[in-house]
Amino acid sequence: FIFRLKECSYCFIWNKQIFKEMLGFASWNFLGAASGMMVGQGINILLNIFFGTTINAARAIAFQIQGAVNGFVINFMLVISPQIVKSYAVNDKNYMFQLVFLSSKYSFFLLHLLTLPILIQTESILTWWLKIVPNETIIFTRLSIIYSLTISLTYSINMASQATGNIRMFQTVEAAILLLNFPISYFLLRNGYPASSTFVVMTVLSVVALFARLAVLNSILSFPVTDYIKKVIFKVIIVFTVSTLITYFVFIQAYSFDKFYQFLFILLTSFISIISAIWIFGSEKYERKIVKMKLSDIIEKNFNIKLQ
C-alpha cells in the first residue's frame, strides 16, 4: 500500500553505532528475561526431582493465581511507563523520581487490595475452585502472593533503568542475584527442607534484588534511595501490617460464620482496612489533598452539591 502514496518512501540505512546500541540493549534485556525463566523452570525441575509431579501441580496452581492478580498491576504500569520514559527524555529527573515513587507504592497497594482476601481465605477459595486441593497448594498460594507483593515494587524501578538505555550493570546484578535461587533451593531441599522453602528463597532474593536495583539506579541516575525507603518501603510495610492484622482479627471473630457470608464479610473488611490504612499511613499530605479535590469535583458535578 505504501508504494501507492507519494508521501511515503523508504531507504536502507546502515548506522553501525545505532545498531550496536540496539543489539546491546536487546542482549542485556534477554539476560534478565532468561534468568527469570531459568529460575522458574529450574525450581520446577528441583521440585519434580525431590517431591514428584503432585508438588509441581500445586506450584502451577499457585502461579496461576499469581499471574491472574499480577495482570492488574501490569496494566497499571502500562499507563505509567510512558510517562517515566518521557520525563527522562526531557531531563526532568525530579518528576521521573516522583513517578517511580508513586507507581511503586500504588502498584503494591493495588495488588494488596486484590490479594488480601485471598491471603486470608486461601483454603475456602481453593476448595470452592478445585473441590480437591492438592497438598501444599494453600501454603504455595500464600507465599506466591507475598512474593508478588515484593516484586510489584520493582516494575517502575526496572522501567526507570530501561529509560536510561544503560542497563548492562542493572541486568547483570539482577540476573546474578536471581540465579542464586537454584543453588540455594537445591541446598535446602537436599538437606530435608520442605518444598515451600523454595518460595521463601524466591521472596528473600527478590527483596535483596530490590535493594541491589536501587543501588545500581543510584549510580546511574543519582536516584534518591533513602527517600524511596522512607516514602515507599516503610509506608507499604505499615499499610500491609495494619490492614492484614485487622482483617485477620475479624476473620478469627467470624470463623463460625457460613463460609460464603464469611468471605463477603472479609472482602468488605479488607477493603475498608486497606483504604483506611492507605489514607492514614500510606499517602502523603499532597496526595490526600488531590483526592479530596477530585472527590469534591465529582460530587459537585454529579449531585450539584458544593463542598466547602
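The values are calculated or read from the model by the stated rules, or taken from the named source; none is laboratory data. Fair warning: this is a prediction, and the values are worked out from it, not measured in the lab. A quick note on method: Cβ atoms are made from the backbone with ideal geometry, for glycine too, and the neighbour counts reach across all protein chains shown. Calculation scope for accessible area: heavy atoms of the full protein, side chains included, ligands and nucleic acids excluded. Shrake-Rupley method; radii C 1.70, N 1.55, O 1.52, S 1.80 Å.
Which value in nm describes the separation of the simple spin-label points at Lys289 and Leu245, placed 7 Å from the Cα toward the beta carbon?
Taking the two extended label points, one gets 3.1 nm.
Let me test this: with uniform point scatterers at the alpha carbons of the chain, what is the Debye-based log₁₀ I(q)/I(0) at q = 0.16 1/Å?
For the chain at q = 0.16 Å⁻¹, log10 I(q)/I(0) is -1.38.
Val207 to Asn44: extension gain in nm, 0.36 nm per residue of separation minus the Cα-Cα distance?
56.6 nm is the gain from fully extending Val207 to Asn44.
Would you work out the charge dipole size for the chain about its Cα centre, treating the Cβ of every Lys and Arg as +1 and the Cβ of every Asp and Glu as -1, and quote it to the nearest 20 debye?
It comes to approximately 560 debye.
Run the numbers for Phe260 and Thr53: contour at 0.36 nm per residue of separation, minus the present Cα-Cα distance, in nm.
Contour length minus the Cα-Cα distance gives 71.3 nm.
Leu102 to Phe30: FRET efficiency via 1/(1 + (r/R0)^6), r the Cβ-Cβ distance, R0 22 Å, to the nearest 0.05? Write out the running numbers ahead of the final one.
Details: r = 30 Å, r/R0 = 1.34.
Between Leu102 and Phe30 the formula returns 0.15.
According to the square roots a ≥ b ≥ c of the eigenvalues of the Cα gyration tensor, what is the shape class of the range 1-143, taking rounded for a/c under 1.5, prolate for a/b larger than b/c otherwise, and oblate for the remainder?
prolate
Under a point-charge model restricted to the Cβ atoms of Lys and Arg (+1) and Asp and Glu (-1), what is the dipole moment magnitude of the range 199-308 relative to its Cα centre, in debye to the nearest 20?
Working: 12 positive and 6 negative charges, 61 e Å.
Charge dipole of the range 199-308: 300 debye, to the nearest 20.
Per residue, how many Å² of accessible area does the chain show with a 1.4 Å probe?
Counting only protein heavy atoms, the per-residue value for the chain is 58 Å².
Identify which of Asp258, Asp227, Asp92 has the largest mean-square fluctuation in a Gaussian network model of the chain, with springs joining Cα atoms closer than 10 Å.
Asp258
Using a cut-off of 29 Å between alpha-carbon atoms, which lysines can reach Lys292, once sequence neighbours fewer than 8 places away in the same chain are excluded?
Reachable lysines: Lys86, Lys93, Lys105, Lys230, Lys231, Lys235, Lys301, Lys306.
Taking only Cα atoms and a 10 Å spring cutoff, compute GNM fluctuations for the chain and point out the largest among Met38, Met96, Met293.
Of Met38, Met96, Met293, the most mobile in the Gaussian network model is Met293.
Between Asp227 and Cys11, what is the spin-label point distance in nm, taking each point 7 Å from the Cα along the Cα→C-beta axis?
4.5 nm
Leu130 to Val85: extension gain in nm, 0.36 nm per residue of separation minus the Cα-Cα distance?
11.9 nm
What's the carbon and sulfur percent of the chain's accessible surface, probe 1.4 angstrom, rounded to a whole number?
Within the chain, the accessible surface is 68 percent carbon and sulfur.
Quick one: give the max-minus-min coordinate of the C-alpha atoms of the range 166-216 along each principal axis, largest first, in Å.
41, 15, 10
Can you tell which of Phe257, Phe140, Phe281 shows the greatest fluctuation in a Gaussian network model of the chain with Cα springs below 10 Å?
Checking each option, the largest mean-square fluctuation is seen for Phe257.
Which aspartates and glutamates, on any chain, are close to Lys259 with Cα under 15 Å apart, when same-chain ones fewer than 8 places away are left out?
Glu123
Please go through the range 238-308 and write out the GluC sites (Glu not before Pro) that DSSP classes as loop and that have at most 13 other C-beta atoms within 10 Å.
Hits after loop and neighbour filter: Glu284.
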